[in-house]
Amino acid sequence: MIFQAQMTFPEGLQLTAIAMTIVFILLFVLSLILGLFKYIPQEKQKVVPQKKRPTVAAVTGVNYSELESDEDMMVAALVASMEAAGEEKDTNYKITRITKL
């Protein structure tokens, strides 16, 4: 019937409808199979613990005029902030107290 030399218009529509139905059924089955992939367990990524930043209690504030007046205090403040930051770029450390030894 399908491989006849001449095919009528209703037979062509029937063949088209059957072919399109098969394609949509296969697409639906494929979407169901892909939807099941979210239930497959994946490898857990290693969680790298963040460095704990030291917390400093604010005792007395160091104002900028004190640092400007004494060059040793300015150097101490800069070295302390560089040491506290380490290799991290985005840090918000606040120097609260500088004591001379």
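The values are calculated or read from the model by the stated rules, or taken from the named source; none is laboratory data. Here the structure is a predicted model, which means the values were calculated and not measured. Quick reminder, even Gly has a Cβ in these numbers, built from the backbone with ideal geometry, and neighbours come from all protein chains shown. Note: accessible area is taken over every heavy atom of the protein model, side chains too, but ligands, DNA and RNA are not part of it. Shrake-Rupley method; radii C 1.70, N 1.55, O 1.52, S 1.80 Å.
A compact table of results
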quantity: Selection count, the stretch 3-24, where residues are open to solvent by 100 Å² or more (accessible area, probe 1.4 Å) and either of a type in the set (Ser, Thr, Tyr) or under 44 Å from the mean Cα position of the chain (by Cα) (or both); calculated: 2
quantity: Pairs, first in a loop (DSSP other than H, G, I, E, B) in the stretch 30-49, second among the β-branched types (Val, Ile, Thr) and open to solvent by 100 Å² or more (accessible area, probe 1.4 Å), C-beta under 8 Å, six or more apart; calculated: none
quantity: Single match in Lys51, Lys44, Lys100 (criterion: among the basic types (Lys, Arg), open to solvent by 100 Å² or more (accessible area, probe 1.4 Å), out of contact with any Cys (no Cβ under 6 Å at 6 or more places or on another chain) and modelled with pLDDT of 70 or more); calculated: Lys44
